Every structure is written in C-alpha cells, then in structure tokens.
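*Asks:* Have a look at this one.
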Amino acid sequence: MKIAIASDHAGFPLKKNITTRLKELGIKFEDLGPDNGDTPVDYPDFAAKVALAVTQGKANRGIMVCGSGVGACVAANKFNGVRASVCHDTYSAHQGVEHDDMNILCLGARIIGSSLAIEIVEAFVKAVFSNEVRHVRRLDKIRSFEK
C-alpha cells in the first residue's frame, strides 16, 4: 500500500502528525506538499495532486487535509475514478472503503484532533473493499456517472 498525502496550510500540522504515524506503521507514502504551513496555499491545488496520484496509479489511496475537509473533498471528486469522502469517525473511514471503495480520505484539521485523525487514518488504510455483489453493483453504477 502506498498513500499520497497532501494538505493546505491549515492542514499542515495534522498532515505532519499523520505522516509520522504512517512511518511508524511502515506504510509507504509520498508527501505532495506543501513543505510548511506558514504560507497560505489553495487546497484545490493539493487535492488535485492527491487525486492524480491515485488515478494515475502512483498511489493506492490518498489522504487530503484542509481546514474542514469539505473543500478538499469537493475538489478531489471532480477527477474521474476518485471516490473521496470527509470522515471524522473511524466507522465511516473503514466502511467507506469496504462498501464504497473510497480511495481518498479527507480530514478537517480544524474539526478533529490529532489522536482521532490518526485512528481514522489507521481504519482507512487497514480497510479492504468487500467485493460483495451488491457493493460491486453499486460501484459500477457510480462509475457509469463518470461516462
């Protein structure tokens, strides 16, 4: 598993905490920026980097952190093949992968604390799509919307 991760300036401190935990877990990741949280940046630019890394096969999944998680989610979902969601609880993070094949997790650094965010990330990266017939059928319907 390889994760593409990025943030905007608001999400930078939380992104750093998450990458530290990913290292501890031995999960490969690529930090797509920014390099600091001192300079304001636009979340769509970094959501696009994560979305492209996932859709181009450079990463299996992505994590995007902004102030609320919402803007990053909206931006990432504009890319074909992206199934991004804001998750601020562990159930949604693993269920989103297991049932909906969610491939980008969006987090709001101004909404949740670091400890909960790390638990959510762990639930997300450990989850596996179920491949149950009903979930595949629903995913195929979602994919048809992109055509």
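The numbers here are math on the coordinates, done by the rules we state, and not lab data. Everything numeric here is computed off the predicted structure, so don't read it as measured data. Note that each Cβ is placed from the backbone with ideal geometry, even for glycine, and that neighbours are counted across all protein chains shown.
*Asks:* Quick check: from the Cα gyration tensor, does region 96-135 come out rounded (a/c under 1.5), prolate or oblate? Walk me through the numbers on the way to the answer.
*Replies:* Details: a/c = 3.90, a/b = 2.45, b/c = 1.59.
It comes out prolate by the Cα gyration axes.
*Asks:* Here's a follow-up. Among residues other than residue 33 whose Cβ falls under 11 Å from its Cβ, what is the net charge (Lys/Arg +1, Asp/Glu -1)? Please list the in-between numbers first.
*Replies:* Working: positive: 15, 49; negative: 8, 30, 31, 35, 45.
Net charge in that neighbourhood comes out at -3.
*Asks:* What number comes out for the charge environment of residue 1, summing +1 per Lys or Arg and -1 per Asp or Glu over other residues with Cβ under 10 Å away? Display every interim value, and only then the final one.
*Replies:* Numbers: positive: 2, 28, 61, 126; negative: none.
Surrounding charge for residue 1 is +4.
*Asks:* Separate question: Quick one: the Cα spread of the chain along its three principal axes, in angstroms, biggest first?
*Replies:* 46, 30, 26
*Asks:* Under the rule of -39500 (n - 2.57) per DSSP H run of 4 or more residues, summed and divided by the residues of the chain, what mean residue ellipticity at 222 nm is obtained, to the nearest 500 deg cm²/dmol? Don't skip to the end; give the middle numbers.
*Replies:* Working: 6 runs with 71 residues, N = 147.
Theoretical 222 nm ellipticity from helices: -15000 deg cm²/dmol.
*Asks:* What whole-number distance in Å separates the alpha-carbon centres of region 16-45 and region 77-101?
*Replies:* Between the Cα centres of region 16-45 and region 77-101 lies a distance of 19 Å.
*Asks:* While we're looking at this one, here's another question. Straight-line reach from residue 16: which aspartates and glutamates fall under 16 Å, measuring Cα to Cα and dropping same-chain residues less than 8 apart?
*Replies:* Partners within reach: 8, 24, 30, 31, 35, 38, 119, 122.
*Asks:* Which of the trypsin sites (Lys or Arg not before Pro) across region 71-138 are loop residues per DSSP, with 16 or fewer other Cβ within 10 Å? List each step's numbers first, then the result.
*Replies:* Values: sites: 78, 83, 110, 126, 134, 137, 138; in loops: 78, 83, 110.
Sparse-neighbourhood loop trypsin sites (Lys or Arg not before Pro): 78, 110.
*Asks:* For the chain, which cysteines have no second Cys with its Cβ under 4.7 Å from theirs?
*Replies:* Cysteines lacking a close Cβ partner in the chain: 66, 87.
*Asks:* On to the next question. Which net charge results when you count Lys and Arg as +1 and Asp and Glu as -1 among the other residues whose beta-carbon is under 9 Å from that of residue 93?
*Replies:* Details: positive: none; negative: 89, 119, 122.
Neighbourhood net charge equals -3.
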